[in-house]
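Data first, discussion second: the structure below is written as structure tokens.
The values are calculated or read from the model by the stated rules, or taken from the named source; none is laboratory data. Since we're looking at a predicted model, the values are computed, not measured. Counting neighbours? That spans all protein chains shown, and the Cβs are built from the backbone with ideal geometry, glycine included. Just so you know, the surface numbers come from the protein's heavy atoms only, side chains and all, with ligands and any DNA or RNA stripped out. Shrake-Rupley method; radii C 1.70, N 1.55, O 1.52, S 1.80 Å.
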2 protein chains.
Amino acid sequence: MSGYDTVDRALLAALARDPRATVVALAERLGLSRNTVQARLARLETSGAFLSFERSIDPAPLGYPLEAYVSVHVRQRVLAEVVDEIARIPEVIQAHGITGSIDLLVRLVCRDAHDLFRIDREILAIDGVERTETSLAMGELIPYRLLPLLER
Amino acid sequence: MSGYDTVDRALLAALARDPRATVVALAERLGLSRNTVQARLARLETSGAFLSFERSIDPAPLGYPLEAYVSVHVRQRVLAEVVDEIARIPEVIQAHGITGSIDLLVRLVCRDAHDLFRIDREILAIDGVERTETSLAMGELIPYRLLPLLER
DNA sequence: AGTCCGTTGAGCATGTTGCCCAGTTTTGGG
DNA sequence: CCCAAAACTGGGCAACATGCTCAACGGACT
């Protein structure tokens with residue numbers, strides 16, 4: 001299942017470098033035939049190698065320049081319900097269940113600090129939420145990247 | 001600068017729903033002329049509305065099914081150096097400087113729990129790192145999304 | 001030997017892209 | 001209120017990429 005061979009990784013790396021690259025361009029860059037690249041790309045696509053395109057849209061120009069992580073402690077029994085409630089908040093863009101003392105790590109974007117407080121209160125008001133801990137992301141010190149992993 | 005009008009947001013939403021949609025398809029879906037859509041798309045692109053394509057590549061099939069967040073406490077003076085060192089670890093896919101007691105929130109992927117421990121030790125060994133707190137992401141309870149924000 | 005799989009080169013119809021232009025509508029400032 | 005700038009529209013066009021098919025070649029494995 002996990003089996004990507006060297007060619008697949010090279011293809012993904014080339015794509016990561018230049019997402020707009022045409023199939024023919026990728027083919028000659030990798031020294032492969034256009035047919036091969038097309039087949040492999042199709043296989044990668046259907047095998048689910050690509051995530052939603054939403055991840056590539058920058059929330060900042062939309063008016064949400066700030067990103068924050070909110071750790072949410074939840075009464076275990078009602079975790080599912082709490083998640084449902086949190087999912088209703090549009091500013092929440094992702095949430096992970098995590099190990100450790102914290103139950104939920106919620107990732108959200110907001111317009112400003114005031115906005116963040118509002119959303120935080122909204123989460124706190126949810127039944128089953130015991131405590132939250134909000135951390136404002138000040139800067140992306142290491143910008144999202146996958147190339148180091150692809151190039152190994 | 002932040003100014004996206006209704007049409008831009010609709011365009012982005014349509015794109016988020018169907019990333020492979022052709023320009024003509026988007027045009028008729030929005031009831032606009034192909035020329036307009038093409039112009040707006042070009043403007044969005046050059047204005048930096050889109051982030052790197054790497055974000056749309058799933059690390060899991062690459063052999064890294066696990067994701068983890070590591071909170072890193074750093075001696076303030078050497079923050080930059082610590083970030084440089086952490087950036088050398090290929091499994092690190094992102095890092096934010098955040099407010100609160102924690103200095104650095106590092107996001108990484110790994111092959112398994114053993115792998116995670118190894119990387120954690122690697123971070124701990126960096127000069128200037130005082131303490132780390134590792135949380136394994138158990139599941140994406142709310143999958144990454146931007147549509148709720150686009151649709152308002 | 002025989003079979004399967006990935007690759008290659010070729011070809012072809014179709015659709016999309018990127019660009020041009022002129023005319024019309026909408027927008028915002030004076 | 002009017003004018004000018006900006007945005008939108010419809011049309012057209014050449015170049016190109018796509019998706020698909022086919023036959024042929026090599027390597028790996030039974």
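On the basis of being over 24 Å from residue A:57 (Cα atoms) and open to solvent by less than 40 Å² (accessible area, probe 1.4 Å), does residue A:27 make the cut? So residue A:27 fits the description; yes. Just one of the numbered conditions (1) within 16 Å of DNA strand C (Cβ to nearest atom); (2) surrounded by 21 or more Cβ atoms within 10 Å (Cβ to Cβ) is not true of residue A:46: (2). When the test is whether a residue is more than 7 Å from every other protein chain (Cβ to nearest Cβ) and in contact with a helix residue (DSSP H, G or I) (Cβ under 7 Å, 6 or more places away or on another chain), residue A:108 passes it.
For segment B:120-141, how many residues meet the condition of being closer than 15 Å to residue B:69 by Cβ, open to solvent by less than 80 Å² (accessible area, probe 1.4 Å) and touching a helix residue (DSSP H, G or I) at 6+ places or on another chain (Cβ under 9 Å)? Of the residues in segment B:120-141, 5 are closer than 15 Å to residue B:69 by Cβ, open to solvent by less than 80 Å² (accessible area, probe 1.4 Å) and touching a helix residue (DSSP H, G or I) at 6+ places or on another chain (Cβ under 9 Å). Just a yes or no: is a residue in segment B:31-47 within 12 Å of chain A (Cβ to nearest Cβ), among the charged types (D, E, K, R) and out of contact with any helix residue (DSSP H, G or I) (no Cβ under 9 Å at 6 or more places or on another chain)? Yes. Checking the structure you have, find out if any residue of segment A:107-119 is in contact with a His (Cβ under 9 Å, 6 or more places away or on another chain) and under 25 Å from residue B:64 (Cα atoms). Scanning segment A:107-119 turns up at least one residue that is in contact with a His (Cβ under 9 Å, 6 or more places away or on another chain) and under 25 Å from residue B:64 (Cα atoms). Taken as a whole, the condition of being more than 7 Å from chain B (Cβ to nearest Cβ) and closer than 21 Å to residue B:57 by Cα does not apply to residue A:81.
For segment B:114-133, residues that are facing chain A (nearest Cβ under 10 Å) and at pLDDT 95 or above total 0.
Scanning segment A:3-35 for residues that are in contact (Cβ under 8 Å) with a residue 12 or more places away in the chain and either within 10 Å of DNA strand C (Cβ to nearest atom) or among the acidic types (Asp, Glu) (or both) returns A:7, A:8, A:11, A:30, A:32. Flag: residue B:72 does not match the condition of being out of contact with any Phe, Trp or Tyr (no Cβ under 7 Å at 6 or more places or on another chain) and either open to solvent by 50 Å² or more (accessible area, probe 1.4 Å) or at the interface with chain A (Cβ under 8 Å from one of its Cβ atoms) (or both).
The rows are residues; the columns are (1) over 21 Å from the mean Cα position of the chain (by Cα); (2) over 23 Å from residue B:136 (Cβ atoms).
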{"residue": "A:99", "(1), (2)": "no, no"}
{"residue": "A:103", "(1), (2)": "no, no"}
{"residue": "A:113", "(1), (2)": "yes, yes"}
{"residue": "A:122", "(1), (2)": "yes, yes"}
{"residue": "A:130", "(1), (2)": "yes, no"}
{"residue": "A:147", "(1), (2)": "no, yes"}
